[in-house]
Each structure stands twice: as structure tokens, then as C-alpha cells.
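Report on one structure; see the data block that follows.
Each value in this text was obtained by applying a stated rule to the coordinates, not by laboratory testing. Just so it is clear, the model here is predicted, and its values are computed rather than measured. Cβ: placed from backbone, ideal geometry, glycine included. Neighbour counts: every protein chain shown.
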Amino acid sequence: MQNDLSMISSLCREHGLSVREAALKQLVRYAGLLEQWNRNINLISRKEDAPVILKHVFHSLLISRVHAFGAGEKVLDLGTGGGLPGIPLSIVYPETSFLLIDATGKKIAACKAMIRELGLLNVMAVHTRAEELKGLLFDTVLSRQVAPLADLCGYASRLLKPDGTLICLKGGHLEREIGAAMEEKKRHRGFPASVELFPIGDISPFFTEKQIVIARW
């Protein structure tokens, strides 16, 4: 645990992320809970090639290098799995409101238990699908799941406020996915006005194969 605290403290400092000491300790605690739950429920890969605090928790925090989370901002974490990236971000940004959704009930049960254990008041987890959300609009939609970008844009287009933003953590070469999403724009109203790609390797050498995709409405 002490090693994880030293690692996340150093990583945040080296990458220009200002995180309170209490929040750093919460991030470490969350990483431990995620590993515990993962022994019984498939939340993350069980064949990790890097510590959870790096591969999953710090990875989630890198979104804040390209997006400033604000007080009162409403954020949807779409397909949250084990609470990624929503729970780490909710720890660091307590004045931002996060809703975590997933279609798998066991995963949401784990998220709820971890949220209670961590005492977080600005995040909720709900067992539902994006298609089933009614009457809710968000400033920002996040996703770390592997769904094609065009599908994620389709979900986000009806869940975002005007001028909203979809932010996805993805891997691989995404030019084709971005092209398909922009092609959908020609057939469906409400698709993004622009899509930008930020290679995380330019931000952190630990994630050379990862990208942040930002679709703006």
C-alpha cells in the first residue's frame, strides 16, 4: 500500500496533476478494493503487466490533462465496469457529480460497495443501459469500454447537453473508428461537430499504445 501511495504521488507530481494528499490515499484504497473485488468478479484483467494503481487508476486520471472538471459539472461514466474512470476522477474532483452505469449488475454491485467503503458523496452507480436513461442530460460523457466510437457517439448524442463533450480512453490505431463516426454524422443528426485524438504517449510514456478521443458537440 505504501508503495502504491509513493507511486501515485510521484506520477501525479511528474505529470502536473495537483491531487490532495487525502485524495491520493483514497486512490490507493480504491486500487486495493478493485483488486479485492476482481478476485470474484471480472472487473479488470487478472493477468496484469503493471500495477493497478498505474494501469487503471493513474490511466483514468490522465483525462484531466485534456479536460478541466468543474464544480457542478454533471458527468456520465458509460460502461463503467469496475468504476473506471469515474471513481478515480470522483475522488480527485469532489465538486463534480458523477453517475456510473453498466449493463452488468454484478459490476454495479461492486461499484456501489466500493463507493460506500470510500465514503464518496459525489458519485452514484446504477445498473442500466445507456438506451434506458431517460430525462437526464450531462455536460460530459466518459467511456473506457471497447465499443466502437460511432456507437459511443450515438449513445452520447442524446445524453449530452448542447456543447457537451464525449471523452473516450481507447487503444490502437483509431483513424478508421474516427472516420466511421464522422461518416455517421452525415446520416444522423446530433453527431459531433469535431473529433480530436490525443496520444497518451505524448503525455505519459507508460501508455504509448493508448489514446484519448474527444468528440465535441
Check: When the dipole is taken about the Cα centre of the range 1-116, and only Lys, Arg (+1) and Asp, Glu (-1) are charged at their Cβ, what size is it in debye, to the nearest 20?
Finding: 300
Next item on the list: Enumerate by residue number the GluC sites (Glu not before Pro) in the range 140-217 meeting two conditions: DSSP loop (anything except H, G, I, E, B), and at most 14 other Cβ atoms within 10 Å of the site's Cβ.
Entry: Glu209
Next item on the list: Would you mind working out the magnitude of the charge dipole of the range 60-216 relative to its Cα centre, with +1 at each Lys and Arg C-beta and -1 at each Asp and Glu C-beta, to the nearest 20 Debye?
Entry: 340
Next item on the list: May I ask what percent, to the nearest 5, of DSSP beta bridges between residues of the chain are antiparallel?
Entry: 40
Next item on the list: Please grab the % of Cα pairs in the range 119-195 that end up more than 18 Å from each other.
Entry: 44
Next item on the list: Tell me what the chain gives for mean residue ellipticity at 222 nm when only DSSP H runs of n ≥ 4 count, each as -39,500 (n - 2.57), the sum divided by the residue total, rounded to 500 deg cm²/dmol.
Entry: -10500 deg cm²/dmol
Notebook entry, point to check: What whole number of Å gives the distance from the Cα centroid of the range 1-77 to the Cα centroid of the range 112-190?
Noted result: 20
Next item on the list: Can you tell me the order of 124-132, 107-115 when each peptide is scored by its average per-residue count of other Cβ atoms within 10 angstrom, highest first?
Entry: 107-115, 124-132
Notebook entry, point to check: Based on the Cα gyration tensor of the chain, what are the three equivalent ellipsoid semi-axes, each the root of five times an eigenvalue, rounded to whole Å and given largest first?
Noted result: 26, 20, 16
Item checked: Phi-based couplings in Hz for the range 150-164 (Karplus 6.51, -1.76, 1.60; Gly and Pro marked x) -> 4, 5, 5, 5, x, 5, 5, 4, 9, 10, 9, 5, x, 6, x
Check: Which pairs break 21 Å Cα to Cα here: Lys107/Lys210; Lys106/Lys210; Lys74/Lys161; Lys47/Lys107; Lys55/Lys210; Lys55/Lys107?
Finding: Lys107/Lys210; Lys106/Lys210
Next item on the list: Pull up the DSSP beta bridges for the range 138-214 and report the antiparallel fraction as a percent, rounded to 5.
Entry: 65
Next item on the list: For the range 141-147, take each phi angle, set θ = phi - 60°, evaluate the Karplus expression 6.51 cos²θ - 1.76 cosθ + 1.60, and give the result in whole Hz per residue in order, putting x for glycine and proline.
Entry: 10, 10, 7, 10, 7, 9, 4
